[in-house]
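The values are calculated or read from the model by the stated rules, or taken from the named source; none is laboratory data. Everything numeric in this text was worked out from a predicted model, so none of it was measured. Using ideal geometry, Cβ is built from the backbone for each residue, glycine included, and neighbour counts are taken over all protein chains shown.
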Amino acid sequence: QKEVEQNSGPLSVPEGAIASLNCTYSDRGSQSFFWYRQYSGKSPELIMFIYSNGDKEDGRFTAQLNKASQYVSLLIRDSQPSDSATYLCAVNNAGNNRKLIWGLGTSLAVNP
Amino acid sequence: GAVVSQHPSRVICKSGTSVKIECRSLDFQATTMFWYRQFPKQSLMLMATSNEGSKATYEQGVEKDKFLINHASLTLSTLTVTSAHPEDSSFYICSARNSGQETQYFGPGTRLLVL
């Protein structure tokens, strides 16, 4: 069973702090890793994707990938109340239509 | 870029009727589209994968005769919920992916309520 695991949270951080969201995956053949944000009652929206080991930065967001440890994380700097949402980690399945395997999501609350 | 639309955004229907949901990629060609369902406070559940011009691949436990998927063009896929029942009430979300890419872009979702 190929799995993606996330801590369900809620993760609570004060405004302006760094929020750290973590995700582990079981399939060593996975090649693409995605972070989506989902506000309550809305559909997911893409934040970032990462393919290579190391860090990838986009504005206040940094994705970190460690394939050896099968670990991908998302850092949100200078967290804002508007960042409060559920963050979904998704990992591609190299075979079988290359569908994404989804984590259950981490709920983030940024407190003013 | 990478905009996906869904129609309708919300639908209420009587038990036993059929409902069609459209998913369109507005500014790219979607060789593959995915249909998800999400119940309140639960995770996304993939229902089926649809490749343009071929039959959809359904996930285990999803009835293909109840959830009819058509992907007749590179910009349009439809999901028809046949003989809908109250337990089919859910948030249905499509996503689309371009050829050679891995990223899925999501539509805004369709909220279905079956009375």
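Only one entry of B:Ser73, B:Ser99, B:Ser50, B:Ser54 meets the criterion of being buried (at least 16 other Cβ atoms within 10 Å of the Cβ), modelled with pLDDT under 95 and not acidic (Asp, Glu), and that entry is B:Ser50.
Can you find even one residue in region A:44-61 that is hydroxyl-bearing (Ser, Thr, Tyr) and crowded, with 16+ Cβ neighbours inside 10 Å? No: region A:44-61 contains no residue that is hydroxyl-bearing (Ser, Thr, Tyr) and crowded, with 16+ Cβ neighbours inside 10 Å. What residue, among those in region B:62-115 that are of a type in the set (Gly, Ala, Ser) and without any contact (Cβ under 8 Å) to a residue 40 or more places away in the chain, is nearest to the other protein chains (Cβ to nearest Cβ)? Ranking the qualifying residues of region B:62-115, first place goes to B:Gly100. Scanning region B:25-36 for residues that are within 12 Å of another protein chain (Cβ to nearest Cβ) and over 17 Å from A:Gly103 (Cβ atoms) yields B:Thr31, B:Thr32, B:Met33, B:Trp35. Test B:Glu52 against the stated conditions and say whether it is among the acidic types (Asp, Glu), touching a residue at least 12 places away in the same chain (Cβ under 8 Å) and within 14 Å of chain A (Cβ to nearest Cβ). Yes.
A:Asn66 meets the conditions (1) surrounded by 14 or more Cβ atoms within 10 Å (Cβ to Cβ); (2) away from chain B (no Cβ under 11 Å) in every case but one. The failed one is (1).
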